[in-house]
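Okay, so here's the structure we're looking at.
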Amino acid sequence: MPITIPDLKDWTFTVDYERIAWAVADREGESMNALGRRPTEELEKIVSAVEGAEAGEIKGLVLISAKDTSFIAGADINEFDAYDTEDKIKDAVTQTLALFDRIEKLPVPVVAAIHGYCLGGGLELALACHWRIADREEGTRLGFPEVKLGIFPGLNGTVRAIRSAGPVDGMTAMLTAKMLRPTAARAMGLVDQLVPTRHNLRWAARKAVLKKLRSKGAPWWKKLMAKQPVRGFLAKQMREKTAAKVREEHYPAPFRLIDLFETCGDDPEAMRLAETEMFAPLMVSDTSRNLRRCFKLSEMLKSSAPKGSAQKSTFKPRKVHVIGAGTMGGDIAAWCVACGMQASLQDLDEAQIDKALSRAKKLFKKRVRGKTAFDSAVARLIADPEGKHIKHADVIIEAVAEKLEVKQNLFADLEGKAKPGAVLATNTSS
């Protein structure tokens, strides 16, 4: 009798003539796949069917997507708000962790065939598979964007990323939240095999199952870096680099991830347990809630944008005014100039403006070619300690001290000075 699973809405399940099981992710009514409650419950039914098959009835399981742009693009962020207590989060996470562990323990080969976005929980699921194949198409990207939402990988992705890529590459992928091209993911060890296009994925996955391929994980010399005292040294470096970019009180997630690595980096079982204990408080934090709100708003803007040629904005900023000539403000102004705009730079401390102008010249030497272009760039970056150029600016960016009252007062003042249609923007980590 053929193995069938009734009432699947977000997956299809078939077993072909070679007794290879194909689980195809195709979330109903959505353009991209995400790991929500129903897709996860349906995946559990698929795993149960494979576990319950008689010996030899199924030779292997392939996870693949029917979507054009995603394998699985992460967890369903719209469901996050329902988990408003640490206990609820731990309960939900524990169930998914158990499912991923069951996938990893299946006696038959499990292959993830990746096309499109494979991010967050989608990559954590792929890492629980025995073999990972990705195509080299331009739209295929892998990564852990969780820190941008105020959390870190919470489905044992921390353990499996370090196991597959080693502590340096694994932690770097999680801390930077970069979306990796398939070749970079393969070089790290997050992917085991590459194929040219999505059309090669099924054939490659079939061969992987029949050959019973299994990832070997990071080489021994990478694994040594998880041992003390090297691990402590790496954690210190990671903490310093992270602190240079963000403040811990505003973005605690990357710092808690480093703490997790430093405490349990060479003990996978301890790290599995500690991951959940550290993940839950981050998930219910104000930081994560606010970052998720920002993400939802940005997605709403994308989805509400008109289609076709109307989507192209007629707004083309030519003049930018930056208030605050510190490192961030000065570099923003310099970058605007390097991109062809005119930028005026305001600060109460004229010495700060002079430092920013001097630093900008180093950027221009790297970004523009020829003396004429260099001189033009220098001329377009204008010292404006009194803010005389505010009224002419298409975009006004504040990069002042991280004090709410200061920023509020500044914007109240700018509203009366900016020209109609000007964009007021903030550069802030809070």
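The largest accessible area among Phe374, Phe13, Phe100 belongs to the first residue in Phe374, Phe13, Phe100, and the rest follow in falling order (1.4 Å probe, all chains). Evaluated with a Cβ-only charge set (Lys, Arg +1; Asp, Glu -1), the range 177-299 carries a dipole of roughly 980 debye about its Cα centre, given to the nearest 20. Note on the chain: with charges restricted to the Cβ of Lys and Arg (+1) and Asp and Glu (-1), its dipole about the Cα centre is near 2180 debye. The largest accessible area among Thr172, Thr96 belongs to the first residue in Thr172, Thr96, and the rest follow in falling order (1.4 Å probe, all chains). The antiparallel fraction among DSSP beta bridges confined to the range 1-102 stands at about 40%. Taking 14 Å as the straight-line reach from the Cα of Lys45, the aspartates and glutamates in range (excluding those fewer than 8 positions away in the same chain) are Asp7, Asp10.
Looking at the chain as a GNM with Cα springs under 10 Å, which of Ser358, Ser164, Ser65 has the largest mean-square fluctuation? Greatest mean-square fluctuation among the candidates belongs to Ser358. Taking a straight Cα-Cα cut-off under 16 Å and skipping sequence neighbours fewer than 8 places away in the same chain, the lysines within cross-link reach of Lys388 are Lys319, Lys417, Lys419.
Computed over the chain with a Gaussian network model linking Cα atoms closer than 10 Å, the most mobile of Ala360, Ala253, Ala205 is Ala360.
For the peptides 125-134, 66-75, the ranking by mean Cβ contacts within 10 Å, running from highest to lowest, is 125-134, 66-75.
Working note: 222 nm ellipticity from helices only, DSSP H runs with n ≥ 4, each -39,500 (n - 2.57), summed and divided by the residues of the chain, gives -14500 deg cm²/dmol to the nearest 500.
Loop-located GluC sites (Glu not before Pro) in the range 188-294 (DSSP state not H, G, I, E or B) with no more than 15 neighbouring Cβ atoms inside 10 Å: Glu248, Glu249. Nearest 5 is fine: what % of DSSP beta bridges in the chain come out antiparallel, could you say? Percent antiparallel among DSSP bridges in the chain is about 15. Expressed as a rounded percentage, what relative contact order does the range 74-207 have, with Cα pairs under 8 Å and six or more residues apart? Averaging sequence separation for qualifying contacts and normalising by length gives 26 percent for the range 74-207.
Taking 30 Å as the straight-line reach from the Cα of Lys222, the lysines in range (excluding those fewer than 8 positions away in the same chain) are Lys105, Lys148, Lys178, Lys207, Lys211, Lys212, Lys236, Lys241, Lys245. Positive-end ranking of Leu123, Ile397, Ala55 along the dipole of the chain, with charges on Cβ about the Cα centre, is headed by Ile397.
Largest GNM mean-square fluctuation among Glu86, Glu30, Glu124, using the chain with Cα springs under 10 Å: Glu30. When the trypsin sites (Lys or Arg not before Pro) in the range 400-430 are filtered for DSSP coil states and for at most 16 other beta-carbon atoms within 10 Å of their beta-carbon, the remaining sites are Lys403, Lys417. With axes computed from alpha carbons, what is the tilt in degrees of helix 404-415 against the longest principal axis of the chain, rounded to the nearest 10 within 0 to 90? Long axis of 404-415 versus the principal axis of the chain: about 60 degrees. If you take all other residues with their beta carbon under 14 Å from the beta carbon of Ala379, and give Lys and Arg +1 and Asp and Glu -1, the sum is +2. In the chain, taking the dipole from charged Cβ atoms about the Cα centre, the farthest positive-side position among Gly217, Val368, Ile382 is held by Val368. What the phi angles of the range 171-176 give under the Karplus curve with 6.51, -1.76 and 1.60, with θ = phi - 60°, is a coupling list of 5, 4, 4, 6, 6, 8 Hz, glycine and proline written as x.
For Cα pairs less than 8 Å apart in space and 6+ apart in sequence, what is the mean separation divided by the residue count of the chain, i.e. the relative contact order in percent?
For the chain, the relative contact order is 11 percent.
The values are calculated or read from the model by the stated rules, or taken from the named source; none is laboratory data. Note that the structure is predicted; figures quoted are calculated from it, not measured. As a convention, Cβ positions derive from the backbone with ideal geometry for all residues, glycine included, and neighbour counts pool all protein chains shown. These area figures cover heavy atoms from the full protein model, side chains too; ligands, DNA and RNA do not enter into them. Shrake-Rupley method; radii C 1.70, N 1.55, O 1.52, S 1.80 Å.
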